[in-house]
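A short worksheet on the structure shown next.
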Amino acid sequence: MNNNSNIKRISENLSDLRNTLNSHALYKSLKSLNDIKTFMENHIFAVWDFMSLLKSLQNELTSISVPWIPNGNPTLRRFINEIVLGEESDFNELNEPKSHFEMYLEAMEQINAQKTEIEFLINNIKSGKNITRSIELLDIHDEVKNFVQYSFEIIRTKQIHKIASAFTYGREDIIPDMFIAIINEVDPKNTKYPKLKYYFDRHIEIDGDLHGPLSHKMLIELCGDNQKKWDEVYIVGKNCLENRVKLWDSILDQIERKNSIARRQESLVNV
């Protein structure tokens, strides 16, 4: 089986999971600013662990050692470095350099979403504490923990084709149209929540058609004719997508529970 056939086979085999994500009930449940808060308080962990996957690829596919020597495929080097540039030091709505993670945190703050748990995690890591234990200590849904733990399980393998698979297949983009519609409704003049609006606008702007083909080229280079590696790429991609579905399920469950409690409280007030 040639390499393009492997890419096609994997894409076809993962199509059902992708369709499940693209049609997930979570998207239709996002009807208010409170729903967005719940989403962001959970999704921030996926925004964060994406950077560790990306940095793992940068470590392996570019040269970061001294003295410097050229390393690997120049096209892939540029691909990874361009993504790092955009994700780690993009410009926010004030034209200030910020990572997308930091922009997301600022948007959460502006809409009054809770940042306690993600800040607890970051502070633990800064103080040198073990990443696995730090995640276990978080007061978040188990499926959110499992999502992040699996990413680091793959990173710890140090097998670059597996990390590239998680990066390529496991990062389903959120659908920002829902968010922008809600923000336009609650903040039509874009004066209350400009950071959130900018983040999602920027997300659409930089999400072009280039990354998919280059991600596939990266996998072709890393796997070559090694069918065992291609099989492992599929398994990792499948696991990542299944974890994303479970993550979406858990967020939907939290939104529905909170809304149910709010409706009960409102009915009691109106009695």
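The values are calculated or read from the model by the stated rules, or taken from the named source; none is laboratory data. All values reported here derive from a predicted model rather than from experimental measurement. As a convention, Cβ positions derive from the backbone with ideal geometry for all residues, glycine included, and neighbour counts pool all protein chains shown. Protein only, heavy atoms only, side chains kept; ligands, DNA and RNA dropped before computing areas. Shrake-Rupley method; radii C 1.70, N 1.55, O 1.52, S 1.80 Å.
Couple of notes before you dig in:
- Under Stokes-Einstein, with the Kirkwood radius over Cα pairs as Rh, the value for the chain at 10 °C and 1.306 mPa s is 79 µm²/s.
- Given Lys37/Lys195; Lys37/Lys258; Lys55/Lys238; Lys192/Lys258; Lys145/Lys246, the pairs whose alpha carbons are separated by over 18 Å: Lys55/Lys238; Lys192/Lys258
- Residues Leu268 and Thr75, FRET efficiency given R0 of 41 Å [Cβ-Cβ distance, rounded to 0.05]: 0.10
- GNM remark for the chain: springs join alpha carbons under 10 Å apart, and the peak mean-square fluctuation among Val186, Val84, Val148 falls on Val186.
- The stretch 80-211 - charge dipole about Cα centre, Lys and Arg +1 at Cβ, Asp and Glu -1, debye rounded to 20: 560
- Proximity of backbone amide H atoms, modeled 1.01 Å from N, is registered between Ser63 and Asn71 at under 5 Å, excluding neighbours fewer than 5 places apart on the same chain.
- Portion, in percent, of the accessible area of the chain that falls on carbon or sulfur, probe 1.4 Å: 50
- Placed amide H near Lys98: partners under 5 Å, 5+ positions off or other chain: Asp90, Phe91, Asn92
- Placing unit charges on the Cβ atoms of the charged side chains and taking the dipole of the stretch 101-193 about its Cα centre, the candidate lying farthest along the positive direction among Met103, Ala166, Ala113 is Ala166.
- Taking the square roots of 5 times each eigenvalue of the Cα gyration tensor of the stretch 91-249, largest first, gives ellipsoid semi-axes of 31, 22, 15 Å.
- Full-stretch length increase - Lys217, Thr20 - with 0.36 nm per residue and alpha-carbon distance subtracted: 68.4 nm
- Exposure rank, largest accessible area first [Arg78, Arg264, Arg202; 1.4 Å]: Arg78, Arg264, Arg202
- All-pairs Cα distance distribution in the stretch 77-181, expressed in whole percent, bin size 10 Å: 11, 32, 44, 12, 0
- Hydrodynamic radius of the stretch 26-100 by the Kirkwood approach over all distinct alpha-carbon pairs: 14.8 Å.
- Total charge dipole magnitude, the chain, about the Cα centre, Cβ charges on Lys, Arg, Asp, Glu only, Debye to nearest 20: 400
- If you sort the three axes of the alpha carbon gyration tensor as a ≥ b ≥ c, you get a/c of 1.5 or more for the stretch 56-114 and a/b above b/c, which makes it prolate.
- Solvent-accessible surface of the stretch 74-191, averaged per residue with a 1.4 angstrom probe and all protein chains in place: 51 square angstrom.
- Rounded accessible area of Arg263 (nearest 10 Å², 1.4 Å probe): 150
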